[in-house]
Structures are given as C-alpha cells and as structure tokens.
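Step one of this worksheet: look at the structure below.
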Amino acid sequence: MKNVDYVSIFDTTLRDGEQTPGVSLTTEEKLEIARQLDKLGVDVIEAGTPISSEGEKRAVREIAGAGLKAEICGLARTTRKDIDVAIACDVSAVHTFISTSEVQMKYAVNMTPEQVLSSSIDSIEYIKEHGLVCEYSPMDASRTERGFLKRVCKAAEEAGVDRINIPDTVGIMIPSTMQELIRDVRSVVKVPISVHCHNDFGMAVANSLAGVEAGASQIHVAINGLGERAGNAALEEVAVALNLIYNKKTGINHQQLYETSRLVAKLTGMAIQANKAIVGENAFAHESGIHTRGVTVVPLTFEPIKPEFVGRKRKLVAGKLAGTSGIKAELEESGFHPTKSQLGEIVKVVKELGDKGKSVTDADLLAIARAVMGKVVKEKRIVDLTDLSVVTGIRVIPTASVRLVLDGKEYVASETGLGPVDAAIRAVQKLTSPLVNVRLKEYRIEAATGGSDAMGEVIIKVEDKDGNVVSSRAVHQDIVMASVEAMIDGINKSLLKSRNRKN
Ligand code: MN
C-alpha cells in the first residue's frame with residue numbers, strides 16, 4: 001500500500017505526447033522510450049491507442065510484453081470494439097474515455113447524456129470482467145455541467161472503476177478552479193482521482209499540482225510537456241516540484257530525467273526550448289558576474305535545484321555580463337591559468353565582444369585566452385589528426401579513413417556514412433570513443449565568403465555522457481577537413497575538461 005504522500009506518475013508521452021502535431025514514432029522508437037520511462041520509474045505507461053492503427057496495436061503489444069515494471073495501459077473509447085483491441089494487446093490496464101461536456105456530447109460524439117452515462121458504465125464493467133485495471137475519463141470534465149459530472153463519476157465508482165481521471169481537456173483551468181473541481185469530485189467518490197491538464201494557458205503544471213493539493217493522487221504527464229496543441233503537464237517539472245516543493249514521494253529516479261528528455265527530443269524531433277525548466281539548455285547556466293561568483297562559492301545563492309539532482313551539470317557562460325571569477329573558473333577547467341593581469345585583459349575582450357552583440361562561445365573564450373596569454377600557453381592535445389582520406393560519389397558508399405594520435409599512440413580506422421562528413425566523423429568517433437564518449441549535439445556549416453572556393457566554417461557542439469557541452473569551430477576550404485578538425489578540437493576540449501575536473 002502506497003502512503004498518502006505518494007503521487008502516482010501516469011506517463012502519456014507515447015499517447016497524448018504522440019498526438020503532438022508533427023510527431024510520429026515507429027514501434028521500435030516507442031519501445032525504446034517505454035524502456036527509458038520504466039528506468040525513470042513512472043508508475044503507468046500509456047503506450048498508445050491500439051484501435052487507431054495496426055502499427056499502434058503492434059507497438060502497444062510489444063511494450064506490454066517487454067517485461068517492464070510499470071503498469072502498461074492502452075487507451076480506448078467507451079466501445080467494446082476499442083476495448084477488445086486493447087485487451088488483445090495484453091495490457092494490464094485500459095484507460096477508457098468519453099466526452100461529458102455538453103458541447104462535445106452534442107458536436108463531437110453525437111450522443112445524449114444518458115447514452116454517455118450508460119456506455120461509460122458498460123465499458124467499465126466490461127474491462128473489470130476481464131480482470132484488468134480500469135481508469136475512466138469523463139473527457140472535457142472542466143467544462144462539464146457539474147451535476148452531470150458528479151453523477152457520471154459516482155456511477156463509474158459503482159461500476160467498479162479503479163481510478164477516475166479528471167481531464168482539463170482544453171486547458172482552461174487555473175489553480176484555484178482546479179482545486180475546487182477536484183474537491184467537489186472528491187466529495188462524491190472514494191476511488192483515487194487523477195488529473196490530466198493541458199497547457200493552453202501555460203498552467204498545466206500549476207493546475208496538476210493544485211489538483212494534488214485538493215486530493216488527487218495521480219498526475220498525467222508527458223516528457224518535455226509534449227501533447228496536443230500546447231501540450232500536457234511536463235513530467236520533469238511535475239516530478240521535481242512534487243519532490244522539492246511539496247515534499248511528496250514519487251517513484252521517479254530524478255537522475256534519469258535529463259537522459260529521458262534528450263531521448264524523447266531526439267526520437268520525436270521536437271527540440272527543447274533553451275529556457276525550459278529542468279531540461280532546457282540554459283536551465284543550469286549562469287552568465288552574469290554576480291550569479292557566477294555566487295554559485296561557484298555557494299551554489300545555493302542562485303540555484304534552487306542542484307543540477308546533479310536531475311542528471312545535469314552547471315554551466316558558466318562567458319559573455320558581456322560575465323564576471324572575472326566565472327571566466328577564471330571556465331578557463332581553469334580547460335587547463336588555462338592566466339595571471340591576474342592576463343585575466344583582466346581576457347575579461348575586457350569578452351565584454352567588448354558582448355557589447356558588439358556577439359555571443360561568446362567557450363571556443364571563442366579559449367581563442368581569446370590564447371591570444372592574450374601568447375606563447376605562455378602550451379595546450380595539451382590528447383588527440384591529433386595525422387591523416388585523412390575520403391571517397392565519395394555516385395554508386396560509391398561514402399567512406400573515410402583517419403589516422404589519429406591518441407595519448408601518444410597512433411591508430412587507424414575506416415567508416416562509412418551518409419556522406420563524406422558523416423563518414424569522417426564516425427571514423428574519428430570510432431577511435432576516440434574508448435577515451436571519451438561524446439555525441440554531436442549541434443553541427444552548423446557556414447560559407448565565410450561566396451563562391452565555390454569559399455572558406456567553410458564548421459561550428460559544432462559536443463556533449464559527453466555527463467551532460468558537459470563544449471563548442472568548437474574550424475575553418476578550412478575543404479568542409480570535410482573543417483568538420484574533422486572541429487570534431488577533434490571538441491573531443492580534445494571535452495577530454496581535457498574531464499581530466500582537469502578529476503585532478
Ligand atoms: Mn489530452
């Protein structure tokens with residue numbers, strides 16, 4: 001028996017999240033996300049809507065058969081046909097729903113309130129006869145006539161439902177109205193109540209938490225806040241707030257949050273905004289001088305959440321607002337130890353660039369430091385390129401061979417790829433992955449001048465397995481060379497930083 005402070009996390013990334021416009025996942029991708037959600041520790045995985053397509057049915061069946069700890073749930077309308085298909089997928093739970101608001105009953109499902117009520121009862125009884133867990137949603141509950149909503153919920157309880165989910169289908173609630181609604185439903189039923197909030201007004205997370213304050217014990221969420229229109233309540237935000245602000249318990253393994261977010265972003269192709277809470281690129285980044293000095297001395301000064309708590313790392317960013325101590329810390333991590341006057345000069349150049357409207361990447365910062373410190377810096381290079389050859393063309397699989405010096409020893413590798421750049425970068429990674437496992441987070445190519453003889457500038461970001469990101473750039477007339485040089489530079493920086501951190 002879970003205690004009263006436990007809030008169950010019902011993840012709908014693979015159902016409502018997949019209903020995000022533009023998102024479509026293969027069976028393999030859904031399975032990969034389901035395994036990660038299980039590792040993350042969600043209580044329920046809503047795997048999809050089996051009736052919707054053959055592929056969806058296969059995906060739900062495979063997830064149900066994957067031996068995961070979470071309860072695997074399939075979505076079904078309140079019809080036997082939908083429910084039978086869900087049951088045939090061997091799910092352990094069926095989530096069945098029907099519109100209960102006047103506008104949706106009339107124009108979306110074309111049924112009278114009495115028909116809605118009887119099909120709800122029939123479906124719940126049918127699911128329970130099959131021995132499965134049943135969750136029931138009166139869709140559009142927040143716009144449903146209150147007397148009818150309570151009647152439907154009471155009837156659902158009497159029919160043997162296990163949980164009643166109250167959806168704010170079009171996201172029109174605010175925390176106070178959500179509390180009042182849940183309290184009102186709570187007054188007529190004893191079964192656990194869940195909430196399902198949409199983010200149309202940016203209040204999905206706040207409304208979900210308000211639901212818990214009023215007695216709900218389960219929240220429907222999606223990774224990165226995916227879902228129809230503006231999305232659902234974001235799992236990562238709900239989970240962290242429940243733990244750190246509400247002092248509630250969940251099954252979530254917080255250190256897995258960032259990893260899960262990245263996987264979902266990659267497979268759905270839905271990028272995460274930089275200023276997104278918990279998982280955004282800037283969520284744990286500091287630039288301004290007062291902040292960087294504060295967090296390097298006592299993190300609590302400007303960090304309400306420890307980055308490590310959610311599987312992340314703090315990032316100090318150089319820029320015109322940056323202070324001396326932040327820049328010093330950043331440089332030291334890369335093995336640069338400027339004197340006081342050199343540091344003053346570096347900070348001055350960074351601020352001048354910032355005032356001109358340029359963003360200062362860590363690659364720029366090191367270039368500035370090198371220029372200011374002159375010959376004093378002998379940069380250690382752990383990885384060096386000694387040879388590169390590439391074959392590409394029509395009816396030829398692009399293939400690259402590289403020769404690298406790694407920690408003083410020479411190695412050779414070949415790889416194929418989608419194009420010459422891809423092949424060359426794969427070959428480099430094949431040799432360097434035993435030393436440092438980085439992934440290419442961003443790759444940009446710009447022609448510095450017009451014409452086919454233009455210098456190509458390649459700007460990349462690589463990220464190591466701990467979430468540390470470094471950027472690097474290289475300029476060359478040959479874009480393959482520019483790409484490989486940028487990659488090797490990024491790998492060097494990543495390695496140096498991790499070795500300097502260990503020392
Ligand atoms: Mn929804």
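All of the numbers you see were taken from the coordinates with simple rules; none came from a lab. For clarity, every value in this text was computed on a predicted model and none was experimentally measured. Every residue, glycine as well, gets a Cβ built from its backbone with ideal geometry; the counts of neighbours run over all protein chains shown.
Things worth noting here:
- Binned Cα-Cα distances of the range 115-157, short to long, each 5 Å bin given as a whole percent: 5, 23, 32, 22, 11, 6, 1
- Of the residues Lys39, Lys81, the one with the fewest other Cβ atoms within 10 Å heads the list, and the complete ranking is Lys81, Lys39.
- Loop-located GluC sites (Glu not before Pro) across the range 86-168 with a Cβ neighbour count of 16 or fewer within 10 Å are Glu145, with loop assigned by DSSP.
- When the alpha carbon gyration tensor of the range 372-424 is reduced to an equivalent ellipsoid, the three semi-axes, largest first, read 31, 13, 7 Å.
- When Met105, Met481, Met455 are arranged by Cβ crowding within 10 Å, least crowded first, meaning fewest neighbours, the order is Met455, Met481, Met105.
- Entries in Lys348/Lys465; Lys30/Lys106; Lys276/Lys465; Lys340/Lys465; Lys313/Lys348 that, when Cα-Cα distance is taken, lie over 25 Å: Lys348/Lys465; Lys30/Lys106; Lys340/Lys465; Lys313/Lys348
- Derived value for the range 8-268: Kirkwood hydrodynamic radius 18.0 Å. Basis is the mean of 1/r over every pair of different alpha-carbon atoms.
- Unit charges on C-beta of K, R, D, E only; dipole of the range 392-503, Debye: 520 debye
- Arg395/Ser359 FRET efficiency (R0 41 Å; Cβ-Cβ; nearest 0.05): 0.45
- Diffusion coefficient, µm² s⁻¹, Stokes-Einstein with Kirkwood Rh over alpha-carbon pairs of the range 178-241 at 37 °C and 0.692 mPa s: 282 µm²/s
- Rounded Å value of the spacing that divides the Cα centres of the range 97-169 and the range 378-409: 62 Å
- Across q = 0.15, 0.17, 0.23 Å⁻¹, the range 49-149 modelled as identical point scatterers on its alpha-carbon atoms has Debye log10 I(q)/I(0) values of -0.61, -0.75, -1.11, in the order of the q list.
- Taking the charge dipole of the chain about its Cα centre, with +1 at Lys and Arg Cβ atoms and -1 at Asp and Glu Cβ atoms, the residue from Val421, Ser261, Asn468 reaching farthest to the positive side is Asn468.
- Residue-averaged 222 nm ellipticity for the chain, from DSSP H runs of 4+ at -39500 (n - 2.57), nearest 500: -12000 deg cm²/dmol
- Antiparallel DSSP beta bridges within the chain, percent to nearest 5: 50 percent
- Listed peptides 487-493, 325-331 by packing density, highest first (mean Cβ within 10 Å): 487-493, 325-331
- For Tyr126, Tyr443, the sequence from fewest to most other C-beta atoms within 10 Å is Tyr443, Tyr126.
- Overall dimensions of the range 383-502 as given by Cα atoms, namely Rg and Dmax in Å: 14.2, 47
- For the range 15-86, a crude dipole built from +1 on the beta carbon of Lys and Arg and -1 on the beta carbon of Asp and Glu, taken about the Cα centre, is about 180 debye to the nearest 20.
- Just so you know, the Rg over Rh for the range 285-376 is 0.99, from Cα atoms, with Rh as the Kirkwood radius.
- Considering only Asn243, Asn110, Ala318, and ranking their Cα positions along the charge dipole of the chain that arises from unit charges at the beta-carbon of Lys, Arg, Asp and Glu, the one farthest toward the positive end is Ala318.
- Pairs exceeding a 25 Å alpha-carbon distance, out of Lys81/Lys150; Lys351/Lys493; Lys81/Lys128: Lys81/Lys150.
- In whole angstrom, the range 226-362 maps to an equivalent ellipsoid with semi-axes of 33, 18, 12, each derived as √(5λ) from the alpha carbon gyration tensor and ordered largest first.
- Note on the range 417-458 and the range 242-279: Cα centroid distance 29 Å, given to the nearest whole angstrom.
- Extended-chain gain in nm, criterion 0.36 nm per residue less alpha-carbon gap, Tyr107 and Asp122: 3.2 nm
- Projecting the Cα atoms of Pro21, Ala66, Val188 onto the charge dipole of the range 8-268, computed from C-beta unit charges around the Cα centre, puts Val188 farthest toward the positive end.
- Check: the range 285-376 dipole with +1 on Lys, Arg Cβ and -1 on Asp, Glu Cβ, in debye: 60 debye
- Normalising by residue count, the chain has a Cα convex hull of 190 Å³ per residue.
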